[in-house]
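Right, one structure below, let's go through it.
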Amino acid sequence: MNKKFYFGLALTAGLFASCSSEDLAGESASKQLIDDGAPAKIEIGLTPGYEITRGTGRVGDVAGASNAQWAGQKFTVLMLEKGTMLGAYATNDRNPGEELLKGQDMTADGVTVVSLADDAVYYPTADLQGNPKVYDFWAYRLDNSETDGAATPAATPGVPTFNGYDDANGTKITIPFAINGTQDIMVAATTPSDATYASNHPDLIYSAKSARNGVKPNLSFKHLLTSLTFKVKPKSRDISDQADCPITGGNAASFVPGYQITNITLKSMSTGELVAAYTATDEPERIEWTAAQDWADPTTLTAFNLMCRNRLVADKADIKMVAVSSNASMTINYDSGYEDAESHTSYTPDANLLTMEVYDSDAKDDATGLPTGNKTTLNAILNGGAGPVTGYIRTHKIGNRSPYQTSQSYDDCDYQAAEAAVTTDLVPFADNCDVAANKVVLDWEGYSPGTPATYQATDATATVADETAYDALAPADKAGKGDAAALTAATIAANEGKYFFNTDDNKAYKIEEAAAAVPGTDGTAQVSTVGAPMLVAPSNDAANSGYLVTVTYKYWKKQTASQVVLTTKTTDPFVVNNYTINGGAKVKGPFEAGKNYNVTITLYSDGETLSGDATSEPWVAGDDLNANDEE
């Protein structure tokens, strides 16, 4: 089932009537609580005014994961008069500018709405005829994908265009959007926190009176997009970083083995309108995709690039570049209080040489303070046999590493992030960056060529006393006659158990196994995840379901006998389909909203060019679906 997130809008019972505080003196709390003229306060959460233009990524993890919940992300609440598309207003005059919760941003942490200090908002209590004012609450998450309807970003992210708002005859409110693969679009269903009260007083859900009785709207969110987690693996060992590298010589100063995956591109629908609220009894399709987009015609779709997190360095001065040399004759001490990626406070060639990452320049990005030069390792340099190499090591203030660093790599995402719009590490994605900051290289583990059996010649005089005795042997038992060199040449598997007569010392020898053969092992292809999940339109057209995908990769190409060049290529497009097995036959099915599919791309080489195909695995079923995989 779809993973949903539950939490409640805190509608705390409160007293704020037109009477003065003196008038209320001496009244009991219960008497104040049931005063029908007392508005009930709505406590809401507000987000910092930090504008971002890229999405913050998928909310939550798969079912059962420890982080499968809200973690400070933003969502939006819409308050309307019950059963209509009319906005809620602070007064019955319905003056412009007095709208209540018209696209009010809030944040949630775990299952709790985060309320920040701000002006209080109250339920209006009665209309001009004295009837109770009753409202509906709608909530959604567009994650800065709002547009003005022309598929361009809105002037102010988080301030959408509400088509149909305040229309007395309206049946829905829609919000134009344009996604890029980094936004998680969600909508919420609203249920009362007290089912018994709601059943007894359906005409008061939701109102000041229901709030005073402790009833609050609980929001249950669901995902409207499909999540794709991309993984890669090699088809054969010869293109992995554990096998023989395609480049056997060259410029060792910039040598990296194997193929490095740098990007994945996918064609998806990208523009449409979110149905944020509606009057129909049954829930309609909550996304109305722009009609011009057609899964059967990829030219009408938008190319999404797999993006990486845009971690901002909190203090650019905390990153310092230190000049080093691979033949330094003494230890280079870093500035006091600084360490490198390996937590060393100094550079010592003998101790640090094999793991140290260096840059070819000390230049740093103006926005982030992070180095912009090409990065390699001194290990690769020395393995290539090159001479001394100078470079720059990135150091940072001790203790300025973030808790989300990985143990496998030290990339640009390892440093403290500046807080932006959310209260966790889900910060916006960056444009046009290699997703393989930690070098996603095709990997193969467990391969061994094995070793053949070895053989030896042992003195057989006790069995074959002399040349006459050797000559009397059956032909099948003879390995030959000759000098010591010929004996050595005859000590092979084909002669095991046979005798050889050495004419140098006039002795017979028996050829026997000295050490048994060690069988080889094929090993297995390793699966590596590339980037963060991509959020795309559900490809649910029965005839054309599937996504058109390409993979971009880098490798070192031999230019001359002593030089290699870094080459970037992209595979031919291939389709990722979602197949199930029905009666022994493969049946193509849709990619559904609210599900994450683990898309494993198998790459294989034809000379220097990689090609690929893929399988997709929905997290709900957990079975391989053999989509486009070779059989």
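A few points about this structure:
- Once both labels are positioned 7 Å from their Cα atoms along Cα-to-Cβ, the gap between Ala296 and Thr454 label points is 6.9 nm.
- Quarter the surface of the alpha carbon convex hull of region 184-238 and you get the mean projected area, 6.6 square nanometres.
- About the Cα centre, charge dipole magnitude for region 165-236 (Lys/Arg +1, Asp/Glu -1 at Cβ), debye: 540
- For a label point 7 Å along the Cα-to-beta-carbon line of Leu473, residues of region 507-543 with backbone N under 14 Å: 507-513
- Val121 paired with Asp365, simple spin-label distance in nm, labels 7 Å along Cα-to-beta-carbon: 3.5
- Ala90-Ala515 pseudo-label distance in nm [points 7 Å out on the Cα-to-Cβ vector]: 8.8
- Extension gain (nm, one decimal) between Ile332 and Thr550, 0.36 nm per residue minus Cα-Cα: 74.0 nm
- Relative protection proxy for 161-174, 456-469, from highest mean packing down: 161-174, 456-469 (other beta-carbon atoms within 10 angstrom).
- If the chain linking Lys569 and Thr281 were pulled fully straight, counting 0.36 nm for each residue of separation and taking away their Cα-Cα distance, it would gain 98.5 nm.
- Cβ-Cβ FRET estimate between Asn200 and Trp289, R0 fixed at 60 Å, reported to 0.05: 0.90
- Using the Cβ of Glu285 as centre and a radius below 15 Å, the other residues enclosed give a net charge of -3, where K and R count +1 and D and E count -1.
- Note on Asp541/Ala303: beta-carbon distance plugged into 1/(1 + (r/R0)^6) with R0 of 22 Å gives a FRET efficiency of 0.75.
- Computed extension length for Lys82-Glu496: 139.7 nm, one decimal, from 0.36 nm per residue of separation with the Cα-Cα distance subtracted.
- Cross-link check: pairs Lys267/Lys554; Lys82/Lys222; Lys133/Lys209; Lys222/Lys586; Lys133/Lys222 evaluated at a Cα-Cα cut-off of 19 Å; pairs beyond the cut-off: Lys267/Lys554; Lys82/Lys222; Lys222/Lys586; Lys133/Lys222.
- Order by protection proxy (mean Cβ within 10 Å, highest first), peptides 285-291, 202-208: 202-208, 285-291
- Environment charge of Asp294, counting only residues whose C-beta is closer than 13 Å and scoring Lys/Arg +1, Asp/Glu -1: -1
- Charge context of Tyr392, other residues only, Cβ under 9 angstrom, K/R +1, D/E -1: -1
The numbers here are math on the coordinates, done by the rules we state, and not lab data. Remember, it's a predicted structure, so these values are computed and weren't measured experimentally. Positions of Cβ are backbone-derived with ideal geometry, glycine not excepted, and every protein chain shown enters the neighbour counts.
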